[in-house]
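S.K.: Before we start, here is the structure in question, set down as structure tokens.
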Amino acid sequence: MVEITIKEKITLKKILGHFSTITRHRHVVMRNCFKMGLFRQGLTHDLSKYSPVEFFNGARYYQGNRSPNAREREIYGFSSAWLHHKGRNKHHFEYWIDIYKTTKAPGNPYGIVPARMPDKYVAEMIADRVAANIIYKGDAYDPWDTMRYYEREKEIVVNLIHPDTLNKMEFFFAMLGEQGEDATFKYIREIFLKGKDKGRWERELEEHRN
Ligand SMILES: [Zn+2]
């Protein structure tokens, strides 16, 4: 058995640093969600980060420039804070992963079945990813960062995300890069969520796929 001896100290400085990061993050997500017309989601986004398992692990492995979950994983091989988080927060595609043991689809030998994410959670995921980039990058933030981050993880996550969700994510990451946040959030509010011009949305999504 492998003995894990690394025990990172939890300090007041790390507690305050972590509290500040998650609270600033929540405020940027709130602002983004409000621009999309998602008021309840904006107000309740990531509240589970203040629960003991998420908060104290986040503080103990606080990094400042990247997620503490990444550090927790380096040490233990998994992050208990993340498992708690993704099990409760529908704006993460990981929440929607199911296992269906009788599935024998080619390329899917383990029966991993990603369920389709409802649109309001796809929108909240966009708000969340933009905020994460803004908080971690600060002045160096660039509107293509959300796409860049996704491209780095794509190979790993592509089979874990429902094709419909993946298509919408890629559509909006490209729009963010090309048109910026405000235009994208307005489009999400009016065209994507409210369905003001359904024909336009379906046509543009289809054009993007090709
Ligand atoms: Zn979250």
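Readers should treat all values here as calculations from the given coordinates under stated rules, not as data from a laboratory. Computed from a prediction, not measured in an experiment: that's the story for all the values here. Cβ placement follows ideal geometry from the backbone for every residue including glycine, while neighbour counts extend to all protein chains displayed.
S.K.: Per Stokes-Einstein, at 10 °C and 1.306 mPa s, what whole-number D in µm² s⁻¹ belongs to the chain, with the Kirkwood radius over Cα pairs as the hydrodynamic radius?
M.R.: Details: Rh = 18.5 Å.
Translational D for this selection: 86 µm²/s.
S.K.: Next up: Could you list, in their original order, any pairs among 9/49; 9/35; 7/101; 35/137 whose Cα atoms are separated by more than 28 Å? Can you show the working numbers first?
M.R.: Numbers: 9/49 19 Å; 9/35 39 Å; 7/101 38 Å; 35/137 21 Å.
Too far apart for the 28 Å limit: 9/35; 7/101.
S.K.: At 30 angstrom or more along the helix axis (alpha-carbon based) and mean Kyte-Doolittle of -0.5 or higher, what helices does the chain contain? Whole DSSP H runs only. Could the numbers behind the result be given before it?
M.R.: Details: long enough: 12-35 (35 Å, -0.25).
Those that pass (Cα extent of 30 Å or more, hydropathy at least -0.5) are 12-35.
S.K.: Mind listing the long-range amide H neighbours of residue 113? Cut-off is under 5 Å, sequence gap 5 or more, other chains count too, H placed in the peptide plane at 1.01 Å from N.
M.R.: 98, 99, 100
S.K.: Oh, and also: What order, most packed first, do the peptides 32-40, 20-28 have when packing is the mean number of other Cβ atoms within 10 Å of each residue?
M.R.: Going from most to least packed, we get 32-40, 20-28.
S.K.: Ok, one more. So, by mean Cβ neighbours within 10 angstrom, what's the order for 152-160, 62-70, 172-180 with the highest one leading?
M.R.: The peptides rank, most packed first, as 172-180, 62-70, 152-160.
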